[in-house]
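> Just passing along the structure, written as structure tokens.
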Amino acid sequence: MATPYIQSVEAGAGKPLVLLHAFPLSHLIWESLQPPFGYRLILADFPGFGESPLAPPGLTLAETAQGLEKHLQEKGINGPFALGGISMGGYWAMEYLRQFPNRITKVLFVSTRPGIDKPEGRQNRLNMAEKVVKEGTEFMVPAMIPGLLGKTTLAEKPGVADRVGRWIRATKPEAVALAQRAMSERRDQADLLPALRVPTLVLAGREDALIPFSEAEGMAKAVPGSQLRLLDRVGHLLPIEEPSGFQKIINDFLG
């Protein structure tokens, strides 16, 4: 299959920091993040989301990692850089790390896991992929928001849920199906973690209903010398649920 075409948006100047977004959102998940001092933010979009065009059916995360590398080369980013991913973006980042380990200076894993889906989880992805093409994205909003946001955010920050709902509705159904099928076929990356030899930060919210924070604890134990930060009163989408706390942790890690 041809390498998918990746696009990104940028902010700041300095050393590259490439960030990969969660499903079913886009680079907008990072809209509250200011470029850390001395860093150039490169906010890449998964094929079909945000600025990136849709790829043909059958896309794999391995191919998406190759698409990211091609995009970075086209942008003149030939040397090492920092890489971060949240949720699906973490799966994408791990696949990139597997293929291009010498490109990375620092890693941020946010609300993600190295393992594959259980059979029922995989089937749920495939079911959503079929349903969204027939019905559109509206059904996803009430189905997904209680998992994407922590109970504190849902109770105290209704504007965040409204924003996530708008983003989901704006997503192309074909992109949702493409990403769900790609994630359903992703490989287990557990063997990648003990081999990491770069500064690594693992971040999670204690109210994450999609990926329990115990999985972040397990990831941090698996990566030699990594840092673990767990945020109270936050669910799955840390950058928009707790933007100031997220900013400070990222600044401290990269500084």
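Read-outs throughout are calculated quantities, based only on the coordinates presented, and are distinct from any laboratory measurement. What you see is a predicted model; the values in this text were computed from it and never measured. Methodologically, a virtual Cβ is constructed for each residue, glycine included, from the backbone with ideal geometry; neighbour enumeration extends over all protein chains shown.
A quick yes/no check of all residues on (1) of a type in the set (A, V, I, L, M); (2) crowded, with 23+ Cβ neighbours inside 10 Å; (3) touching a residue at least 40 places away in the same chain (Cβ under 8 Å):
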| position | (1), (2), (3) |
| --- | --- |
| ALA220 | yes, no, no |
| LEU230 | yes, no, no |
| ILE240 | yes, yes, yes |
| GLN247 | no, no, yes |
| ASN251 | no, no, yes |
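> Restricting attention to the stretch 96-142, and to residues there that are of a type outside the set (Phe, Trp, Tyr) and within 12 Å of the chain's Cα centre (by Cα), which single residue is nearest to ILE42 (Cα to Cα)?
LEU108
> Sticking with this structure for a sec: Taking the stretch 200-223, which residues are closer than 24 Å to ILE240 by Cα and part of a loop (DSSP other than H, G, I, E, B)?
ARG206, GLU207, ASP208, ALA209, LEU210, ILE211, PRO212
> Of all residues in the stretch 108-166, count the ones that are among the basic types (Lys, Arg), under 28 Å from LYS221 (Cα atoms) and in a helix (DSSP H, G or I).
Number of matching residues: 2.
> Within the stretch 15-26, can one find any residue that is outside any strand (DSSP E or B) and on the phi > 0 side of the Ramachandran plot?
No: the stretch 15-26 contains no residue that is outside any strand (DSSP E or B) and on the phi > 0 side of the Ramachandran plot.
> In the stretch 67-91, how many residues are under 15 Å from PHE46 (Cα atoms) and assigned to a loop (DSSP other than H, G, I, E, B)?
Summing the residues that are under 15 Å from PHE46 (Cα atoms) and assigned to a loop (DSSP other than H, G, I, E, B) in the stretch 67-91 gives 1.
> Within the stretch 230-242, take every residue that is assigned to a helix (DSSP H, G or I) and closer than 14 Å to LEU19 by Cβ and give me the one that is farthest from the chain's Cα centre (by Cα).
ILE240
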